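Everything on this sheet refers to the single structure shown next.
What follows draws every value from the coordinates through simple rules; no lab data is involved. Note that the coordinates shown come from a computational prediction; the quantities given were computed from them, not determined experimentally. All Cβ positions, glycine included, derive from the backbone under ideal geometry; neighbour counts span all protein chains shown.
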Amino acid sequence: MLYPITTDSRTVLNLDGTWKFMIDHETTPIDPGKPLPTETVMAVPASFNDQTADAEVREHSGFFWYQRHFTIPKTLKDQRLVLRFGSATHEAWVYLNGEEITHHKGGFTPFEVEINDHLIDGDNLLAVRLSNILDFTTLPVGNYSEEKDADGHTVRKVDENFDFYNYAGLNRPIKIYSTPRAHIDDITVVPNVDLKKGTADVHLEVKTGGEKFDEIRTTILDESGQSVAEATGADAHALISNVHLWQPLKAYLYTAKVVGVTNGEIVDVYEEPFGVRTVEVKAGKFLINGQPFYFKGFGKHEDTYVNGKGLNEAVNVLDINLMKKMGANSFRTSHYPYSDEMIRLCDREGIVVIEETPAVGLMLSFTFNVSEVTKDGYQDDTWEKLKTAEAHKQVIREMIDRDKNHACVVMWSIANEAANYSQGAHEYFEPLFKEARKLDPQKRPLTYVAIMWTSPKSDKCTDLVDVIALNRYYGWYIDNGDLKISEQKTRDELKEWQAKYPDKPIMYTEYGADTMPGLHSNYDEPWSEEYQEDYYRMNSKVFDEIPNFVGEQLWNFADFQTKFGINRVQGNKKGIFTRGREPKAVVRYLSKRWNSIPDFGYKK
């Protein structure tokens, strides 16, 4: 899916701003062709939850509405017009002038629909009915229940089966873009690099819609706008000599300028930025451009004050600047694909991304009894009761379709902390991994992120992954406060993984300790800033001992909102920054460590 941009043949109209908003109590039918019976407004893009002073609205589970008016300029009436949602969380029914024009389920990937046949002259009314309901068929997974109140009305309840707040709404930009009737529909860019010769054979596949063009021409432009290669046809190759590689923290982006030509005239133009780089897993190393890369960075969330999970480009820029200052080079999009805008920014800034599906909460029973889950044939009810396979395939398809050309994305994460230790896990995940490998034109490595109970003995699916990605909390959830025994357990487990899978790289995708900023202790007590620093020092020591250990992405970049709970004080406090992006004491230690570790060749 192409990102909407303005070119010589295309125009983008922005529908962001304040929209009318109301909760649907399901007591009175709503006519989407009439003005909503409310004066309440919400900003778009943003989650609705933290924009209100009404606790009932903030915690609402069920259905709700957005609505606004727009007008199409007469100059665009003869163009093909497409309405595009960056996301709608988690399910959306879209109405234009009272008529339903599209439906989409899944809250973290874009969708679009042509609207020419549904427009009227002058004022148009756009309404969106949304649901934030999550259950055993959705991603993420939610525990859904409903009951009747005293008046017989349905009261819906979603209890998140994951540790972040269920922010909802129109979280990403809403745009209308124009194209000619004959148009470029999609572009796939696959650079095949010869590192020795310093060349790249760029394979370009162009899909078109409407009437066929007489000719498709592609020009590869360098960063100065100069042509470095040309190609013709919908399936073509362009050779770049003396290629500039896209490198972590040293981004270089080319642009594929694709034009559709009819009767000698250019009809449509699209410009797709792309980086040239290689990614490979080999002999226990993760190679970028043929060199062993070391991941330094974070798990994070799309989570800010007021915006919730809504796009906040200023915070995105700040976050990347804070990462760079610390010597970090990467993050994981835990636990869903992030916005188009963030991925495009990472391309430009040279930030390495592990992109993850929203498959979080795929675990219906929870136990701290590791000896139980390591028994042969262990089975809980996860893979019997969950019905998420179709949603999982859909989001893999949509995620890869959107981000297939981005150089910053070096690996796909198929799930986070699933019941991979339970009988039935392999049967569930094998077709998903096959689907991802089939769909990705750049053939990136695949992983899933393993919860603590997925040990070398219990994990049922390690054969499917290219990289072993572990979430581990020795010293926090396990042996809280005892860093001596936690160090030994960390070392023992990593050695066991390496011995069993000597050709697979290993990395930590989560490790951390909740910390209240300003809390200090002479005794390194948990929750103190001193304990957080000692916790990270302990882990760093062990990481450096393991030859195939290729990266450390801590949990979390910044404190973030969760549902209420006795172990959560206005959210999860494992951030090394506060939710407002102020540093905790450990930032100085990690900055010194990461700035001293090279991006390449750290592990010989």
The exposure ranking of 56, 552, fewest beta-carbon neighbours within 10 Å first, is 56, 552
Of all DSSP beta bridges in the range 276-407, what percent run antiparallel (nearest 5)?
-> 55 percent
Stokes-Einstein at 20 °C, 1.002 mPa s, Kirkwood radius from Cα pairs: D for the range 12-179 in µm² s⁻¹?
-> 128 µm²/s
In terms of the charge dipole of the range 12-179, which places +1 on Lys and Arg and -1 on Asp and Glu at the beta carbon, the residue among 134, 158, 81 farthest towards the positive end is 81
Roughly what % antiparallel, to the nearest 5, for the DSSP beta bridges in the chain?
-> 75 percent
Non-local residues with an amide H under 5 Å from the amide H of residue 101, with H modelled 1.01 Å from N and Pro and chain starts lacking one, are 94, 95, 96
Decide, for the chain, between rounded, prolate and oblate: order the square roots of the alpha carbon gyration tensor eigenvalues as a ≥ b ≥ c, take rounded if a/c falls under 1.5, and otherwise choose prolate if a/b is larger than b/c, else oblate.
-> oblate
Take the alpha carbon gyration tensor of the range 372-596, find the square roots of its eigenvalues, order them as a ≥ b ≥ c, and report rounded if a/c is under 1.5; if not, report prolate when a/b exceeds b/c, else oblate.
-> prolate
Between the range 430-463 and the range 138-165, what is the C-alpha centre distance in whole Å?
-> 30 Å
If you keep only loop residues by DSSP, which trypsin sites (Lys or Arg not before Pro) in the range 1-97 have at most 14 other Cβ atoms within 10 Å of their Cβ?
-> 77
What list of ³J(HN,Hα) values in whole Hz, one per residue of the range 377-392 in order, does the Karplus curve 6.51 cos²θ - 1.76 cosθ + 1.60 (θ = phi - 60°) give from phi, with Gly and Pro shown as x?
-> x, 4, 8, 10, 9, 4, 7, 8, 9, 6, 10, 9, 4, 5, 5, 5
If you average the sequence gap of Cα pairs under 8 Å that are 6 or more apart and divide by the length of the range 556-604, what percent do you get for the contact order?
-> 28 percent
Helix-derived mean residue ellipticity, 222 nm - over the chain, DSSP H n ≥ 4, -39500 (n - 2.57), to 500 | -5500 deg cm²/dmol
Per DSSP, the loop-located trypsin sites (Lys or Arg not before Pro) within the range 403-489 having at most 15 other beta carbons within 10 Å are 443, 457
Net dipole in debye of the chain [+1 Lys, Arg Cβ; -1 Asp, Glu Cβ; about Cα centre; nearest 20] | 1700 debye
Flagged as over-length at 22 Å C-alpha distance, from 325/604; 460/573; 375/489; 309/574; 325/592; 212/443, the pairs are 325/604; 460/573; 212/443
Step through the residues of the range 138-154 one at a time and calculate ³J(HN,Hα) from phi using the Karplus curve (6.51 cos²θ - 1.76 cosθ + 1.60, θ = phi - 60°), rounding each to whole Hz and writing x for Gly and Pro.
-> 9, 10, x, 8, x, 8, 9, 8, 8, 8, 9, 7, 5, 8, x, 7, 6
Ranked list, fewest to most other Cβ atoms within 10 Å of each Cβ, for 302, 417, 265, 427 | 265, 427, 417, 302
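To the nearest 20 debye, what charge dipole does the range 12-179 have about its Cα centre, counting +1 at the Cβ of each Lys and Arg and -1 at the Cβ of each Asp and Glu?
The dipole of the range 12-179 has a size of about 700 debye.
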Which Cys in the chain stand alone, with every other cysteine's Cβ at 4.7 Å or more from theirs?
-> 461
Please arrange 458, 339, 47, 227 by counting, for each residue, the other beta carbons lying within 10 Å of its beta carbon, fewest first.
-> 227, 458, 339, 47
Percent antiparallel among DSSP beta bridges (both partners in the range 372-596, rounded to 5) | 15 percent
